[in-house]
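What follows is a short report on a single structure.
Values in this text are rule-based calculations from the coordinates and carry no lab data. Since we're looking at a predicted model, the values are computed, not measured. We place every Cβ from the backbone using ideal geometry, glycine too, and count neighbours over all the protein chains shown.
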Amino acid sequence: MGKRKGKKGRTARNARKGINNAEPEEIVKAPHTFVINRGKLGKSANELLMNFRKIMEPFTASHLRVQKANVLKDFIHIAGPLNVTHMVIFTKSPKAMYLRIAKLPHGPTLTFQIKEYSLISDVISSQKKSLMYEKLFEHHPLLVLNNFSGEGMHFKLMTTTFQNMFPSINVNKTNLNTIRRCLLLNYNEDKTIDLRQYAIKVVPTGMSKAVKKLIQSKVPNLSQYQDIGDFLQKSGNLSESEVEMDTPANTVVLSQPISTRGNITAEKSAIRLFEMGPRIKLQLVKIEEGLMSGEVLFHEFIKKTPEEIKAIKAKIKAQKLLKEQRRAQQKKNVEKKKSEASKEDKANDDDNQRAEDLEWYRQEVGEEPDESILPVSKFSKKRKAVGEEYKQRKKVKFSEDVNNKKHVKFQNKTHGKFQGQIKKKENPKRIVKGKRKK
């Protein structure tokens, strides 16, 4: 059956789709994150890792699989083409669990100790009323940093690292419908950081609870009422769990239309937060200059003297110099092997060409060519000379003496170990009439 006209193959269709559906520049330039583990974590710690991926969505690999054979270089090599800017690594030791945040490709690396944590499932199960749906994770969360105004280099590095992990928000161009989540990082006096994630809900204000319930498409049970006016005028028709007090602290005037019902532009609406989890309590332990290595810029528990810091810097510098020397030597060795291989290939090509010329001359002329007509290449002469050196020496003369012994003479007298007498071999045993005789 012939191919129908006007139909394109799957490859052409997919290529056209890829051209038409190219990612916008905002998504390409947005910071992306890998969340991985090193070593065994355990069941609850693995679930915490998956919860952290939920926080970083949509700019993270939600279904990234980490195998035992993978090393950090594997993730670093593919980070560039995928626009990945940060890597979050979970590790676990017999004493504690750690979280590392590394800026790709050259650092710095911040190491946090996880003091306490609660999973998303634990937080939701403890609430009477929760808010969780899939569209919450279609856009990145709104980052809120509290009490990160202390003095010190580590405060600045922490603040910059957390801010660069999420896309920046332009207040004049941001669509309010894209802000569905909030990530709160609070720095405490005991040098710990509380991480919380909330879902944002906008509800209308300035109306009774009954009207608000009707506007939000929550149809109540009206079987006990003769008229809908009785329902609207009766107070206390909501359960205690649904009663929430709206104060000026969480009331705003909307500048854009919101997709939820009852919210009107330029009217007051209330902002309500529903905790989603996970809850993580962190403490900064160490800051390294490079990617998982290099000079230690800050350490919470270990303090070094100026002499020790100077010795460590000298050691790191010597290691870098040695590494560069090894790379240079390796590069020279590779170039040397390539040049030798090219020379050998050239010699083989010359020999093949000479063999073809010899064969053509024999067929056309009918005799062997003279050396002046087809000279031998220098490479074949060299290999021939090397090959003749290891040829077996020819025997020249045999002589017998009275004692029935043979003497062997060789042309090359340098091989003295082969000179001398060789005993005449005795005749093999013969069998005569079934009997062996010597």
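At-a-glance table
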quantity: By average C-beta atoms within 10 angstrom, highest first, the peptides 120-126, 361-367; calculated: 120-126, 361-367
quantity: Point-charge dipole on Cβ atoms (K/R +1, D/E -1) for the stretch 302-347, about Cα centre, debye to 20; calculated: 220 debye
quantity: FRET efficiency estimate (nearest 0.05) - Cβ-Cβ, residue 261 to residue 149, R0 41 angstrom; calculated: 0.55
quantity: Simple spin-label estimate for residue 356 and residue 128 in nanometres, 7 Å along Cα-Cβ; calculated: 9.3 nm
quantity: Shape of the stretch 248-368, Cα gyration tensor, a/c cut at 1.5; calculated: oblate
quantity: Too-long pairs where the Cα-Cα distance tops 21 Å, listed order kept, from 73/103; 43/281; 68/317; 286/313; calculated: 68/317
quantity: Extended-chain gain in nm, criterion 0.36 nm per residue less alpha-carbon gap, residue 340 and residue 191; calculated: 47.4 nm
quantity: Rounded to whole Hz, the Karplus (6.51, -1.76, 1.60) HN-Hα couplings of the stretch 24-31, x for glycine and proline; calculated: x, 5, 4, 6, 5, 7, 5, x
quantity: Gained length - residue 330 relative to residue 247, 0.36 nm times residue gap less alpha-carbon distance; calculated: 22.9 nm
quantity: Neighbourhood net charge (10 Å Cβ-Cβ; Lys/Arg +1, Asp/Glu -1) for residue 83; calculated: 0
quantity: Inter-label distance for residue 305 and residue 317, nm, one decimal - labels placed 7 Å from Cα along Cα-to-Cβ; calculated: 2.0 nm
quantity: For the stretch 278-332: rounded, prolate or oblate by the Cα gyration tensor [a/c cutoff 1.5]; calculated: oblate
quantity: Long-range amide H partners of residue 37 with built H, under 5 Å; calculated: 90
quantity: Per-peptide average of other Cβ atoms within 10 Å, ordering 337-350, 282-295 highest first; calculated: 282-295, 337-350
quantity: Three-way shape call for the stretch 128-202 based on the alpha-carbon gyration tensor, with the a/c threshold at 1.5; calculated: oblate
